[in-house]
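Comments concern the structure below.
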Amino acid sequence: MALPWKLHGDGSTVSSTDIVLPEERLTWWRTIGFGGQHVVAMFGATFLVPLITGFPPSTTLLFSGIGTLLFLLITQNRLPSYLGSSFAFLAPIGAATASAGHSVALGGVIVVGVLLALVGVLVHLTGTRWIDVLMPPVVSGAIVALIGFNLAPAAKNNFDASPVIAIITLLAIILAAVIFRGFLGRLSIVIGVVVGYVVAVIAGEVDFSGVADAAWVGLPEFMTPTFDLQFLPLYVMFLPVVLALVAENVGHVKGVAQLTGRNLDELTGRALFADGLATVFSGLGGGSPTTTYGENIGVMAATRVFSTAAYWVAGITAIVLGLSPKIGAIIFTVPAGVLGGVTTALYGLIGIIGVRIWVENRVDFSQPKNQLTAGVALIMGIADFTINAGEMTFTGIIMGTVAAILVYHLMNAISTWRGTEVSAEAPRRSPSPL
């Protein structure tokens, strides 16, 4: 059977003004090299999620590879992407695990995956216009931001476990981000983990007792999800994550489209469906939920190679790594202090992604509807507002998400009806001092 990629030029070079399109490839040795870069780019963030949540790292790597190949098949090799671990799930997974264990948390992951897949089908049939209406940039930015900032207490708990190691790790991340350029600069999180880990080893804070007994080759540890109506409040807590995943996937499609000079909107539904299906499969086996990765977009922007063949290499490599329990055992030796430094930076960056959505879409915060949408949602998310309604518990992420949608659409409808909306041409005034 013929492979779906045609050779780009002579397969060995890419000019400064040219790009390798998704349906093209370079020579296989070069394609393998680019696939390796994608593995490195995704690896740091992908293994952090199981470290933080307690899911098996090898299982996560296995299903991220399987999910990536599934994504490529469903999008017909037209949309390059790696499906790594999603950080949007960290808050509900942490709460569900603390209340009822990992199996119930996996049930919540699967619920989100099914819902995201259904959203993908709907988008494929109807288009993306309704998403833009439901979640304009001020709303989607607020939701993404509050998911990151809601995790601040978890970062503090890890930080407090070993403050010195955490500070060293955090400092390494900060310095790597400003010292290195290009590809290395994008790996600042990985570099910080390595530096912090080495210092922790020297300080005697790393326990290697489980590494020696782990096999080099073998099946990873699988977990079984739990579905029970008594845990319905915990499952509900996962639902706002769907909105974040929709925003991430739509952003990924638009990002790749901009870089390749193509209109890829018709693939948005397929991308959402594929990500949802990959999350379901991962949840069924005990792996971390998935999402499209911005880290890998950075690699493509730097290399100008958008070949999906490189992503097949990356996916297969992740599957091979997932079949090594010893790699998973080594990953699990990362101590809490290192996680403290990493999560302090990482959760902050998740929050700033929401802010970036506002900036890139030029959200006008002179308008009260935008001010209150973002302000109310962020306070509810950061302070973790909680309401109990019978057996149901609505936490800060749910409260903030619902508030962002309701506040915006209520104020938008009333201001339009009353004619009180601030005009885009109106002169801006400096905010009054508080």
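The values are calculated or read from the model by the stated rules, or taken from the named source; none is laboratory data. Small disclaimer: the values here were computed from a predicted structure and weren't measured. Using ideal geometry, Cβ is built from the backbone for each residue, glycine included, and neighbour counts are taken over all protein chains shown.
Residue 207 meets each of the listed conditions (1) touching a Leu at 6+ places or on another chain (Cβ under 6 Å); (2) at pLDDT 80 or above apart from (1).
Would you check if residue 99 is among the small types (Gly, Ala, Ser) and buried (at least 24 other Cβ atoms within 10 Å of the Cβ)?
In short, no.
The set of residues from the stretch 245-290 being within 25 Å of residue 356 (Cβ to Cβ), outside any helix (DSSP H, G or I) and either among the acidic types (Asp, Glu) or out of contact with any strand residue (DSSP E or B) (no Cβ under 8 Å at 6 or more places or on another chain) (or both) comprises 261, 262, 263, 264.
Does residue 333 qualify as being under 30 Å from residue 174 (Cβ atoms) and in a loop (DSSP other than H, G, I, E, B)? Yes, satisfied. Within the stretch 284-324, the set of residues being in contact with a helix residue (DSSP H, G or I) (Cβ under 6 Å, 6 or more places away or on another chain) and β-branched (Val, Ile, Thr) comprises 290, 291, 292, 297, 299, 305, 308, 313, 317, 319. Considering 160, 132, the condition of being at pLDDT below 90 and more than 21 Å from the chain's Cα centre (by Cα) is satisfied by 160 alone. Limited to the stretch 188-244, what total is found for residues that are closer than 22 Å to residue 289 by Cα, of a type outside the set (A, V, I, L, M, F, W, C) and under 26 Å from the mean Cα position of the chain (by Cα)? Matching residues across the stretch 188-244 total 8. Checked against (1) at pLDDT 85 or above; (2) out of contact with any Lys or Arg (no Cβ under 8 Å at 6 or more places or on another chain); (3) crowded, with 20+ Cβ neighbours inside 10 Å; (4) of a type outside the set (S, T, N, Q), residue 408 passes all but a single condition, namely (2).
Among the candidates 70, 83, which residue alone is modelled with pLDDT of 85 or more and more than 17 Å from the chain's Cα centre (by Cα)?
Checking each option against the conditions leaves just 70.
Looking across the stretch 217-230, the residues that are out of contact with any Ser or Thr (no Cβ under 6 Å at 6 or more places or on another chain) and either over 28 Å from residue 58 (Cα atoms) or surrounded by 21 or more Cβ atoms within 10 Å (Cβ to Cβ) (or both) come down to 229, 230.
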